[in-house]
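Trainee: Supplied in structure tokens, the structure appears directly below.
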Ligand code: SF4
Ligand code: SF4
Ligand code: SF4
């Protein structure tokens with residue numbers, strides 16, 4: 001399971017606190033266990049969500065599934081333009097995921113291996129530091145959020161993010177509904193009626209599926225990956241010593257992107 | 001005093017109408033951008049700032065450069081500059097207006113601009129940059145206006161104006177330092193992440209600002225009965241020479257650190273900008289042109305004979321402006337984004353609407369400058385300076 005049981009209850013409990021129907025979700029997945037476990041688990045404890053991606057376990061199929069799941073869940077359109085591209089999670093090769101680690105004699109499997117890149121939800125995020133309006137900010141649980149209703153589109157955060165995690169709406173994404181060519185590329189857009197589409201001129205990026213966590217659900221990409229391969233993507237709380245992510249990190253050698261910059265990324269790669 | 005701007009010869013009105021026409025073209029182009037979004041520019045996911053922000057940076061420099069007449073006058077009691085401080089101050093006003101407009105046209109969501117004030121974030125350098133720029137503009141308007149009115153009435157300006165003048169001097173340094181901090185504190189953009197950035201900014205500002213001022217002085221002398229003065233122009237020439245030498249020296253320091261250390265991140269942007277990496281770069285011819293202009297400028301400014309002759313000095317100044325404009329208005333911002341965080345080269349080139357909008361902003365700046373200088377000239381002619 002991507003998220004261990006205790007972890008899951010914490011999420012669900014938090015959702016319950018927020019009145020977002022977490023209880024129902026818990027009853028479905030872990031019937032009868034809700035009341036007892038919630039009493040003993042403090043929900044306000046400092047948390048730090050993190051993701052571990054096992055590069056040995058992911059393949060083209062899983063990567064495709066993850067990207068699709070995220071982009072469908074969050075109404076991220078394919079604009080058929082490299083220049084205007086919007087992406088929250090995407091495939092990248094080793095050389096460009098870890099440009100400073102690359103060397104010409106790196107083994108075949110690594111060289112040709114595929115990585116999944118997304119926002120690292122850095123613990124010390126430069127994007128939040130530079131934003132003039134706090135339209136991007138760090139939540140208590142470590143998630144670096146975006147408020148698309150406050151963002152003025154100055155793109156300072158894009159300059160400040162060393163991971164290329166942010167995308168800008170150079171045009172109106174809703175033109176997908178009118179443009180014939182784009183309509184064909186994005187059948188059913190907006191694919192998720194419960195998630196807002198964006199307007200032009202604002203920045204967006206992965207939110208660690210904050211809206212799903214609030215309902216006690218795993219991030220869409222994690223869920224999608226795990227339907228194919230168990231534990232390909234693991235999501236959990238770094239702050240919790242017995243959590244699933246901590247166990248994985250204890251047992252495997254992992255790397256992060258550009259740790260030397262001090263942003264303290266919370267996405268780890270098992271290589 | 002404002003009424004003096006309304007009486008002018010044909011040439012004056014002709015220039016204003018010409019500038020107004022350009023402003024109109026810029027405005028219409030902006031309306032197009034406003035409805036379509038910034039996709040009509042050359043900017044992209046990888047190069048997310050471009051020509052607009054480059055021009056903002058360049059004109060902050062011009063604005064700050066105006067202090068090079070104010071400082072010698074008030075701190076070193078160099079009286080000759082008293083005659084032209086007003087030209088420096090009004091140049092600063094027009095430049096800051098352009099800076100503001102370049103920020104405005106760059107925003108993705110203009111109607112929400114006030115969010116910077118409603119939800120201020122003190123850790124954001126952009127927030128501080130906005131404050132220092134606005135205060136600097138206000139200082140220059142108040143100082144310039146009061147000093148000029150006093151001169152017209154034949155009295156000495158009031159004491160409190162002097163206080164503002166003393167504040168405005170370090171303030172000029174602050175605007176360009178804070179603007180450098182927009183870039184110099186960002187992790188992962190190696191071209192920008194350098195402690196010498198603010199110093200480079202100031203040296204290029206103190207070369208390009210006074211260089212433009214020299215050209216403006218020469219124009220003012222040609223079109224009016226007010227002569228900014230031979231000595232003033234000569235002294236300014238010396239300032240431009242020193243500042244520009246310093247500017248090129250700082251560039252050499254950057255090159256040394258990058259290429260002697262051989263750290264890839266430090267070399268990549270230079271490699272790209274100057275087309276050293278094999279694959280061509282659209283910016284390389286421009287960056288080399290910037291170096292070419294710099295060499296011309298250095299020769300004309302260092303050789304005493306050419307620095308003291310006004311025609312060769314003017315050519316030298318034009319070369320300084322061209323060189324710094326390419327380096328700062330173009331190369332600096334774009335170089336920071338290429339190669340991108342993945343080590344890939346994704347190029348940028350401004351589109352026609354983007355250039356037209358910029359032309360509109362320049363025209364607005366020069367419109368304001370023309371009107372302000374017209375007032376100055378009228379007053380100076382009136383008092384027979
Ligand atoms: S990866 Fe980029 S956008 Fe995400 S938190 Fe870190 S700096 Fe911010
Ligand atoms: S683009 Fe939006 S989120 Fe990014 S720094 Fe500007 S206001 Fe903040
Ligand atoms: S965590 Fe959610 S938002 Fe982030 S990449 Fe995965 S699915 Fe997308």
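Trainee: Just to compare against my own numbers: the Cα pair-distance distribution for chain B, 20 Å bins, whole % per bin, please.
Mentor: With 20 Å bins starting at 0, P(r) equals 27, 59, 14, 0.
Trainee: If you take the alpha carbon radius of gyration of the protein assembly as shown and divide it by 2.2 N^0.38 Å, what ratio comes out, to two decimals?
Mentor: On the way: Rg = 28.5 Å, N = 656, 2.2 N^0.38 = 25.9 Å.
So the protein assembly as shown has a normalised radius of gyration of 1.10.
Trainee: Here's a follow-up. Can you give the direction-averaged projected area of the convex hull of the alpha-carbon atoms in the range B:22-107, in nm²?
Mentor: 6.9
Trainee: Rounded to the nearest 0.05, what FRET efficiency is calculated for residue B:263 and residue B:13 with R0 set to 60 Å and r the Cβ-Cβ distance?
Mentor: Working: r = 57 Å, r/R0 = 0.95.
According to the calculation, E is roughly 0.60.
Trainee: Which value results when the Cα radius of gyration for the range A:56-98 is divided by 2.2 N^0.38 Å? Intermediate values should be presented prior to the final figure.
Mentor: Details: Rg = 11.5 Å, N = 43, 2.2 N^0.38 = 9.2 Å.
This ratio for the range A:56-98 stands at 1.26.
Trainee: A further question follows. Which distance in nm do the two modelled labels at residue B:114 and residue B:227 give, with both placed 7 Å along the Cα-to-Cβ direction?
Mentor: Between residue B:114 and residue B:227, the label points sit 5.2 nm apart.
Trainee: Additional query: Specify the angular offset, from 0 to 90 degrees and rounded to the nearest 10, of the alpha carbon long axis of helix B:125-153 from the longest principal axis of the alpha carbons in chain B.
Mentor: 20
Trainee: For a quick check: sort A:134, B:328 by the number of other beta carbons within 10 angstrom, fewest at the front. Could you put the intermediate results ahead of the total?
Mentor: Working: A:134 16, B:328 24.
Least to most surrounded, the residues fall as A:134, B:328.
Trainee: Can you give the % of DSSP beta bridges in the range A:49-270 that are antiparallel, to the nearest 5?
Mentor: On the way: 17 of 21 bridges.
Antiparallel bridges make up about 80 percent of those DSSP assigns within the range A:49-270.
Trainee: What residue among B:262, B:55, B:232 shows peak mean-square fluctuation when chain B is described by a Gaussian network model with Cα springs under 10 Å?
Mentor: Greatest mean-square fluctuation among the candidates belongs to B:262.
Trainee: Within the range B:280-300, which residues have the backbone N less than 20 Å from the label spot 7 Å out from residue B:306 along Cα→beta-carbon, could you tell me?
Mentor: Backbone N within reach: B:288-300.
Trainee: Related question: Using a simple spin-label model with points 7 Å from Cα along the Cα→Cβ vector, what separation in nm is obtained for residue A:251 and residue B:153?
Mentor: 8.5
Trainee: Choose one answer from B:20, B:101, B:332: the residue with the largest mean-square fluctuation in a GNM of chain B with alpha-carbon springs under 10 Å.
Mentor: Looking only at B:20, B:101, B:332, the biggest GNM fluctuation is shown by B:20.
Trainee: Just the Cα atoms of the range A:49-270, one point each, no solvent: what log10 I(q)/I(0) does Debye give at q = 0.10 Å⁻¹?
Mentor: Per q value, in the given order, log10 I(q)/I(0) is -0.45.
Trainee: Which parts of the range B:203-241 would a label at residue B:299 reach, counting a residue when its backbone N lies under 16 Å from a point 7 Å out along Cα-to-Cβ?
Mentor: Within reach of a label on residue B:299, which here means backbone N under 16 Å from a point 7 Å along Cα→Cβ, the range B:203-241 contributes nothing.
Trainee: Based on the Cβ-Cβ distance from residue B:282 to residue B:32, what FRET efficiency comes out when R0 is 30 Å, to the nearest 0.05? It would help to have the intermediate numbers written out before the result.
Mentor: On the way: r = 24 Å, r/R0 = 0.80.
FRET efficiency, residue B:282 to residue B:32: 0.80.
Trainee: When DSSP beta bridges are limited to those with both residues in the protein assembly as shown, what percentage is antiparallel, rounded to the nearest 5?
Mentor: Bridges in the protein assembly as shown are about 80 percent antiparallel.
Trainee: Measure out, as a whole number of angstrom, how far apart the alpha-carbon centroids of the range A:58-102 and the range B:165-209 sit.
Mentor: Each part reduced to its Cα centre gives a spacing of 37 Å.
Trainee: A follow-up question, please. Once you order the gyration tensor axes a ≥ b ≥ c over the Cα atoms, which shape class does the range B:268-385 get: rounded for a/c under 1.5, otherwise prolate or oblate by comparing a/b with b/c? Write out the running numbers ahead of the final one.
Mentor: Values: a/c = 3.92, a/b = 1.60, b/c = 2.45.
Since a/c reaches 1.5 but b/c is at least a/b, the shape of the range B:268-385 is classed as oblate.
Trainee: Here is a further query. In degrees between 0 and 90, to the nearest 10, how far off the longest principal axis of chain B does helix B:352-383 point, with axes built from Cα atoms?
Mentor: Roughly 20 degrees, rounded to the nearest 10.
Trainee: A further question follows. With axes computed from alpha carbons, what is the tilt in degrees of helix B:264-273 against the longest principal axis of chain B, rounded to the nearest 10 within 0 to 90?
Mentor: Roughly 60 degrees, rounded to the nearest 10.
Trainee: Helix-derived [θ] at 222 nm for the protein assembly as shown: sum -39500 (n - 2.57) over DSSP H runs of at least 4, divide by residue count, nearest 500? Working shown, then result.
Mentor: Numbers: 27 runs with 367 residues, N = 656.
Result for the protein assembly as shown: -18000 deg cm²/dmol, rounded to the nearest 500.
Trainee: Just subtract the alpha-carbon distance of residue A:61 and residue A:230 from 0.36 nm times their residue separation and send over the number in nm, one decimal. Numbers along the way, then the final one.
Mentor: On the way: separation 169, 0.36 × 169 = 60.84 nm, distance 1.38 nm.
Gain on extension, residue A:61 to residue A:230, equals 59.5 nm.
Trainee: Now a separate question. Need one number: convex hull volume per residue for the range B:110-250, Cα atoms only, in Å³. Let's see the in-between values first.
Mentor: Details: hull volume 24.8 nm³, N = 141.
Hull volume normalised by residue count: 176 Å³.
Trainee: Tell me, how many Å apart are the Cα centres for the range B:1-33 and for the range A:220-248?
Mentor: Centre-to-centre distance over Cα atoms comes out at 63 Å.
Trainee: Pick from B:285, B:304, B:122: which is most flexible by mean-square fluctuation in a GNM of chain B where alpha carbon atoms under 10 Å apart are linked?
Mentor: Sorting by GNM fluctuation, first place goes to B:122.
Trainee: How large is the Kirkwood hydrodynamic radius of the range B:283-333, counting all unique pairs of alpha carbons, in Å? Intermediate results must be reported in sequence, preceding the final value.
Mentor: Values: mean 1/r = 0.0918 Å⁻¹.
For the range B:283-333, inverting the mean 1/r across all distinct Cα pairs yields 10.9 Å.
Trainee: May I ask you to derive the FRET efficiency for residue A:108 and residue B:123 from their Cβ-Cβ distance with R0 = 60 Å, giving the value to the nearest 0.05? Present the calculation step by step, with values, prior to reporting the outcome.
Mentor: Details: r = 45 Å, r/R0 = 0.75.
For residue A:108 and residue B:123, the calculated efficiency is 0.85.
Any read-out appearing in this document is the output of simple, stated calculations on the displayed coordinates, not a laboratory observation. Since we're looking at a predicted model, the values are computed, not measured. As a convention, Cβ positions derive from the backbone with ideal geometry for all residues, glycine included, and neighbour counts pool all protein chains shown.
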